[in-house]
Amino acid sequence: MSYSEKVLDHYNNPRNVGSFDKNDPTVGTGMVGAPECGDVMRLQLKVNPETGVIEDAKFKTFGCGSAIASSSLATEWVKGRTLDQALAIKNVEIVNELSLPPVKIHCSVLAEDAIKAAINDYKKKRDGEGR
Amino acid sequence: MNAAGCWKCGGEPHDSLFCKFCNTLLPPATDYYRFLGLERRLDVDVPALQDHYYRLSRLVHPDRFQNGTPNERRFSLDATAILNDAYRTLRDPVARAEYFLREEGLEPPGQNTRRVPPELLEEVFEVNTALEELRGGGESARPGLEAALARFRALRGELDADLGALFALYDRGRERDVLMKIRGALDRRSFVSNLVEEVEEGLTAR
């Protein structure tokens, strides 16, 4: 099986690799693991607490090219979106954008789950502040 | 197994390696427990199993049937092969449990052996980061990895103990949901075991 050009592009030039301080109250961290292939993915969002807009995103993924490309793409897509808009991102959109073959669909599911987990983490922190 | 009775004397069927009427070697049962004449239990007395294995090895050994009929020579070869497989499988708790689950019609474990147990996700991530650092020549990652290796080995030990307890629990009540728990424990153990190997490999690679 060969990777699509878009996957290769993200794989060779992954966007937004890195991390934020996970204790920062404006940062949401999503950590997910793929049952099918053992990949682990961490996706972090930096949210503007006033507007609820995701201002920056970082990821780090240990896994195959498709998992790396899916998470790289996810960080690009969430930037500039509100939390609700980011929650609306569906894995099929990632599949279509990257032309992922059926055996790699789980990589896009992983990326979608990572976005959701990061948003949940952020909301938990925000609501836990007791305002 | 020998549903039609003894192939030689026609004696009535029974579960045994040798016909109880004419003492002829019978076609061996392929089920490990039946072959060995053991009760279907997950908790197996391994030293006793070993004694049993040596004794049966001599009884069915092909050398004893060199001058036997073609049937006997074939059954002796079959029985020896099954005996070796049975012994290797049942003496090891993990292989035994996997065999047992398969025979009980549960999907073989190992399907989810790469599933990251949620409580380990963060640590697995850190270990991967440290391994990557070490591969890039970052020796400062080594102590952390050694500590992680010790933790994973201890965790594997705990999972072995859990399995032992679940075996005993199943043998007492034969409840199916205990088998499901065993399958979960096997998956986790397999994951941790792979992780131990991965870290060991990372620490010794140069």
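The values are calculated or read from the model by the stated rules, or taken from the named source; none is laboratory data. Given the structure is predicted, the values throughout are model-derived calculations rather than measurements. Glycine also receives a Cβ, built like all others from the backbone with ideal geometry; neighbour counts cover every protein chain displayed.
Here are some notes:
- Single unsatisfied condition, A:Val95 versus (1) among the hydrophobic types (A, V, I, L, M, F, W, C); (2) surrounded by fewer than 19 Cβ atoms within 10 Å (Cβ to Cβ); (3) more than 14 Å from chain B (Cβ to nearest Cβ): (2)
- Close Cβ contacts (under 7 Å, 6 or more residues apart or on different chains) running from residues in the range B:48-75 that are farther than 15 Å from B:Leu90 by Cβ to residues that are among the aromatic types (Phe, Trp, Tyr) comprise B:Asn71/B:Trp7; B:Glu72/B:Phe65; B:Arg73/B:Phe65.
- Residue within the range A:58-76 that is touching a strand residue (DSSP E or B) at 6+ places or on another chain (Cβ under 7 Å), within 15 Å of A:Lys123 (Cβ to Cβ) and surrounded by fewer than 24 Cβ atoms within 10 Å (Cβ to Cβ) present: no
- Against the conditions (1) closer than 27 Å to B:Val127 by Cα; (2) surrounded by 16 or more Cβ atoms within 10 Å (Cβ to Cβ); (3) not aliphatic (A, V, I, L, M), B:Asn194 satisfies every one except (2).
- Residue within the range B:30-45 that is within 23 Å of B:Gly173 (Cβ to Cβ), within 20 Å of the chain's Cα centre (by Cα) and within 14 Å of another protein chain (Cβ to nearest Cβ) present: no
- Filtered residues of the range A:1-30 (kept if aliphatic (A, V, I, L, M), in a helix (DSSP H, G or I) and surrounded by 17 or more Cβ atoms within 10 Å (Cβ to Cβ)): A:Val7
Yes/no matrix, rows are residues, columns are (1) away from chain A (no Cβ under 14 Å); (2) at pLDDT below 90:
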site: B:Arg102; (1), (2): yes, no
site: B:Arg114; (1), (2): no, yes
site: B:Leu131; (1), (2): no, no
site: B:Leu149; (1), (2): yes, no
site: B:Arg153; (1), (2): yes, no
site: B:Arg156; (1), (2): yes, no
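- Summed over the range A:1-32, the residues that are free of Cβ contacts under 8 Å to residues at least 12 places away in the same chain and in contact with a strand residue (DSSP E or B) (Cβ under 9 Å, 6 or more places away or on another chain) give a count of 1.
- Residue within the range A:56-72 that is within 14 Å of another protein chain (Cβ to nearest Cβ) and either farther than 29 Å from B:Val127 by Cα or touching a residue at least 60 places away in the same chain (Cβ under 8 Å) (or both) present: no
- Qualifying residue in the range B:116-125 (condition: within 14 Å of another protein chain (Cβ to nearest Cβ), loosely packed, with under 15 Cβ neighbours inside 10 Å, in contact with a Ser or Thr (Cβ under 8 Å, 6 or more places away or on another chain) and modelled with pLDDT under 90): no
- Checked against the criterion of being in contact with a Leu (Cβ under 8 Å, 6 or more places away or on another chain), modelled with pLDDT under 95 and assigned to a helix (DSSP H, G or I), the candidates A:Ala74, A:Ala86, A:Ala67 yield just one match: A:Ala67.
- Complete set of residues in the range B:163-183 that are acidic (Asp, Glu) and surrounded by 12 or more Cβ atoms within 10 Å (Cβ to Cβ): B:Asp171
- Candidate set: the range A:31-57, residues that are assigned to a strand (DSSP E or B) and among the β-branched types (Val, Ile, Thr); chosen: the one nearest to A:Arg126 (Cα to Cα): A:Val47
- Looking only at the range B:197-206, and only at residues there that are assigned to a helix (DSSP H, G or I) and in contact (Cβ under 8 Å) with a residue 24 or more places away in the chain, the one that is surrounded by the most Cβ atoms within 10 Å (Cβ to Cβ): B:Val199
- Tally of residues being charged (D, E, K, R) and not in a helix (DSSP H, G or I) across the range A:94-131: 2
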